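What follows is a set of notes on a single structure, which appears directly below.
Values in this text are rule-based calculations from the coordinates and carry no lab data. This one's a predicted model, so the numbers in the text were calculated from it and none came from an experiment. Cβ placement follows ideal geometry from the backbone for every residue including glycine, while neighbour counts extend to all protein chains displayed.
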Amino acid sequence: MYNVGIVGHGKNKFDERTKPIARDMIYDIIMDALNHHPKVNVVSGHSPMNGIDIWTEEIVEYIKKENPYLPDNELNMIIKAPRQQSWDGEYGYKARNLDIARSSDIVHVIVVAKYPANYRSRRFDECYHCHTKDHIKSGACWTAKQAIQIGKQAVWHII
């Protein structure tokens, strides 16, 4: 079983140009995994911020529905939903993100390079997890860094 983590921004960091690109990336990541591995688990975090996590769940269901020849156990969704909406809760974002890192053979991070024009929340000059200005801050980067520390692979997809 090959475990593919897919993490990234909430929907408020995407706009009408970047959302379809992100959704296409998710689809391509999953299909590439299926083309190279007989059984794939897709691991994601069911974020209350929607975005990459929820789109991943939707796309897994779409792939299963559109490919009736796909055996039931060939593509599965593993959802690591936080039980508390806080970083340090018993199974808050930190524990959930560590669980995603540990449960994945590879973690794909899908982030945007710039804030959308209508973004109204807190902004940062750089991603303080990656110390880069190549993309805006995302907790997904922290998750990928944790995966790397335990010997897993991580790939960034910057839109």
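Laid out as a table, the results:
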{"read-out": "Whichever residue in the stretch 5-18 is touching a residue at least 12 places away in the same chain (Cβ under 8 Å) and surrounded by fewer than 23 Cβ atoms within 10 Å (Cβ to Cβ) and, among such residues, is nearest to Ala154 (Cα to Cα)", "value": "Gly10"}
{"read-out": "Selection within the stretch 61-78 - free of Cβ contacts under 8 Å to residues at least 60 places away in the same chain and closer than 16 Å to Val107 by Cβ", "value": "Met77"}
{"read-out": "From Lys39, Lys133, Lys65, residue being under 20 Å from His157 (Cα atoms), among the charged types (D, E, K, R) and over 16 Å from the mean Cα position of the chain (by Cα)", "value": "Lys133"}
{"read-out": "Hits in the stretch 41-57 - residues which are more than 17 Å from Asn12 (Cβ to Cβ) and surrounded by fewer than 22 Cβ atoms within 10 Å (Cβ to Cβ)", "value": "Asn41, Glu57"}
